[in-house]
Amino acid sequence: MRRKLVVGNWKMHGSIAANKVLLEGIIKGVHDLHEVDAVVCVPYPYLCQAQSLLLDSNVAWGAQNMCSNNDGAITGAVSPAMLVDYGCTHVIIGHSERRNLFHETDDTAAARFNAALAAGLTPIFCMGESLEERESDWTDYIVGRQLDSIIRRFGPLVLEHAVLAYEPLWAVGSDQAATPQQAQDVHDFIRRRISRCNASVASAVQVLYGGSVTPANAAQLFAMPDIDGVLVGRASLKVDDFVGICKAANVQT
Ligand code: PGA
């Protein structure tokens with residue numbers, strides 16, 4: 001039985017004062033939810049604050065990106081070891097905003113995925129098609145290519161220690177979430193593709209959906225057999241929304 005996982009992706013939002021209110025509210029809101037795991041992925045400067053507030057709570061924390069090198073003359077980069085130093089358990093890898101705004105590729109995402117695993121972090125590996133690609137019927141091709149960028153290099157077993165996230169670009173930040181069935185279809189495709197290499201990994205790996213998830217659509221998404229959780233952007237910045245999504249996950253197990 002796969003556990004449900006709700007991951008907040010704060011993106012470039014937050015302040016010390018606002019984070020304190022948000023994190024304290026989340027801690028309180030999810031403390032008695034035992035059937036769901038909650039993670040917040042915060043901007044680098046707030047990792048220390050997340051660590052001190054979330055320690056001893058049932059909310060874990062992580063980062064939104066990292067470098068694939070562990071140290072070196074790489075101005076502006078943050079290493080996997082630094083994330084571990086701050087108690088991170090998860091790191092988002094290959095988010096579409098990183099791929100599009102910072103020209104990250106399948107190759108560089110795969111290198112970071114591998115470095116995250118080597119550091120003992122759980123990579124949350126993002127995949128998804130653009131609207132144009134969906135309308136051209138390329139969804140399976142694009143998502144398959146992104147998934148293969150990991151499986152071809154490292155084999156299927158690495159997915160035992162990773163989380164996958166299907167995030168259609170047209171649904172991210174758009175108010176137009178995929179329908180539960182659209183998401184389910186791609187999640188099923190992902191699982192079947194992994195299954196060609198290793199059936200037990202395919203049935204064990206957590207596959208999250210991301211893109212305009214709210215408390216209003218969360219329960220229907222969680223009701224789908226291959227949706228094991230969600231990656232949440234905007235709604236992770238409001239206590240009631242994030243806790244509401246965690247509660248919807250908690251009852252759907
Ligand atoms: P959104 O973002 O929930 O604001 O659409 C999701 C994401 O980018 O992970």
(message) Ignoring ligands, DNA and RNA, please state the percent of accessible area on the chain from carbon and sulfur, probe 1.4 Å.
(response) 53 percent
(request) Take the cross-link list Lys11/Lys247; Lys28/Lys238; Lys28/Lys247 and give me the ones stretching past 18 Å between alpha-carbons. (result) Lys11/Lys247
(message) Give me, ordered by chain and number, the residues 5 or more places off Gly229 or on other chains with an amide H under 5 Å from its own placed amide H.
(response) Leu5, Tyr209
(message) Just the number please: accessible area per residue for the chain, 1.4 Å probe, all protein chains included, in Å².
(response) 45 Å²
(message) What does the extension gain come out to for Ser15 and Phe102, with contour length at 0.36 nm per residue minus their alpha carbon separation?
(response) 29.0 nm
(request) Output ³J(HN,Hα) for the stretch 124-129: one whole-Hz value per residue in order, computed from phi by the Karplus curve 6.51 cos²θ - 1.76 cosθ + 1.60 with θ = phi - 60°, and x for Gly and Pro. (result) 9, 8, 8, 9, x, 9
(message) Which trypsin sites (Lys or Arg not before Pro) in the stretch 1-30 sit in a loop by DSSP (not H, G, I, E or B) and have at most 13 other Cβ atoms within 10 Å of their own Cβ?
(response) Arg3
(request) Please build a GNM for the chain, connecting alpha carbons under 10 Å apart, and tell me which residue among Gly144, Gly94, Gly155 fluctuates the most. (result) Gly155
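If packing is taken as the average count of other Cβ atoms within 10 Å, what order do 119-129, 95-105, 67-77 fall into, highest mean first?
Details: 119-129: 23.8, 95-105: 15.6, 67-77: 11.2.
The peptides rank, most packed first, as 119-129, 95-105, 67-77.
The values are calculated or read from the model by the stated rules, or taken from the named source; none is laboratory data. It should be emphasised that the depicted structure is a prediction, and the values quoted were computed from it without experimental measurement. Counting neighbours? That spans all protein chains shown, and the Cβs are built from the backbone with ideal geometry, glycine included. When the accessible area is computed, the model is the full protein with side chains, heavy atoms only, and any ligands, DNA or RNA have been set aside. Shrake-Rupley method; radii C 1.70, N 1.55, O 1.52, S 1.80 Å.
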